[in-house]
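Have a look at the structure below before the remarks.
None of the figures in this text is laboratory data; all of them are computed from the coordinates on show. Computed from a prediction, not measured in an experiment: that's the story for all the values here. When we count neighbours, we look across all protein chains shown, and the Cβ atoms used for this are built from the backbone with ideal geometry, even at glycine.
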Amino acid sequence: MAHDEVVERYSGLARAALTGETIIDCSSDEFDKGCFGSAAYDDIAELPGGAARASLGCGNPVAVAELRAGETVLDLGSGGGIDALLSARRVGPHGKVYGLDASGDMIELARRNATEAGADNVEFLHGTIEAVPLPGRSVDVVISNCVINLSDDKAAVLAEAFRVLRPGGRLGISDMVTEGALDPVRRAAAEQRVGCVAGSLEVAEYRDLLRSTGFVGTSVTLTADHSDGVHSAIVQAVKPVIGPGLEIRPMRDADAAEVLAIYQAGLDTGQAGFETAAPSWESFTADKHLRYVAADTETGDVVGWIAASPVSPRHAGVIEHSVYVHPGCQAHGIGRALLAAFIAASEDAGIWTIQSGVFPENTASLALHQALGFRVIGTRERVGRHHGVWRDVILMERRSSATGV
């Protein structure tokens, strides 16, 4: 369904709700048995009746978002405001909740419900979830309830969620998903019953999109089964944690010069590896995956990077990695933050073993890896000559306790 059609459809429902009607957007039988709308909540007794009557969600994202007092929350596709109002209650008077919706009628309905509820820490914004009208790194939690499936540009939606979240910020979404690909007949049947299946992603697609956006700690947990391979689901993820003024995000082609300069600076110390010159960008990108950078949020300058290389085509769940930090930015926890994010991303990707080879003299790298769960598995003596000197290499690995167990 095109964007304008979606807006008009839900605007019509909002207008009906403004007259006091209870609205639904799928068959009444499916609405009642599928935990849609207010049936998904057990804590709405104190909310305005209009908010409950206008609830069109497929779950309760507030229940899984672990909201804390004082946090700032953004509800994507806030509709009549039920999730925004519940969030406002959770974050308290020192917190703030933004509800965003593309329908002016829904905004009017939500504002009326907020006024009736006496919620003065809620602000409803008119705009699209593909272009959020908030500055970057301005919210702690992004929630959404059965709305992202309606977007025809889900990559843009998740990119915007990533942009507005602060490092360490959380994503908690209720959405419709499919378990495997649906043939057109099954999808049409499900769409007729459930009402919002047409744009839903497969579970694996959702996970891949979250990971490519930069989120870590991703999960898609199926909840209600609507048959024909269609489920309601809770989708959760985290923006990588790093110190103030920095952000960890996927590496881009535009980062090439800075990444390779940091690579070369590391090699110039004589302690980073046997190479003496950084590779070309083409060679680097051909060999590396799970690539991330730490960047300054004011200037955009890259201050560190991490990436994986395959160990062998026969061992898809085993990788080795490299992590480099700008020489002027070391001892600030950047390497640790990059490695922690990388470990989480690797587990999301199904990797069960990360390997690394470290010169014994590189004590900072050895300490960093051991602090994050790597163990020494042996020493390869006199592996090769480096600047005319025979060097040993300490082999380290980290086995996942979450993947491949």
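Numbers at a glance
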item	result
Volume per residue that the Cα convex hull of region 98-186 spans, once the total is divided by residue count, Å³	131
Inter-label distance, nm, simple model (7 Å from Cα along the C-beta direction), residue 257/residue 227	6.1
Per-residue [θ]222 nm for the chain (sum of -39500 (n - 2.57) over DSSP H runs n ≥ 4, rounded to 500)	-9500 deg cm²/dmol
Check: the chain dipole with +1 on Lys, Arg Cβ and -1 on Asp, Glu Cβ, in debye	1420
Stokes-Einstein diffusion coefficient of region 210-298, Kirkwood radius over Cα pairs, 37 °C, 0.692 mPa s, in µm²/s	204
Assigned charges on the beta-carbon of Lys, Arg, Asp, Glu; region 253-342 dipole about Cα centre (debye)	420
Nearest-0.05 FRET efficiency for residue 309 and residue 265, computed from C-beta distance (R0 25 Å)	0.80
Scaled radius of gyration (Cα, divided by 2.2 N^0.38 Å) that region 320-405 gives	1.17
Additional length obtainable on full extension of the chain from residue 126 to residue 385, 0.36 nm per residue less Cα span	86.9 nm
Directionally averaged projected area (convex hull, Cα atoms, region 246-399), nm²	8.9
Two-decimal Rg to Rh for the chain - Kirkwood Rh, Cα set	1.05
Principal axis dimensions, largest first and in whole angstrom, of region 105-153 by Cα	34, 25, 16
Sites residue 371 and residue 282 - FRET efficiency at Förster radius 45 Å, r taken between beta-carbons, to 0.05	0.85
FRET efficiency, residue 156 to residue 275 (Cβ-Cβ, R0 25 Å, nearest 0.05)	0.05
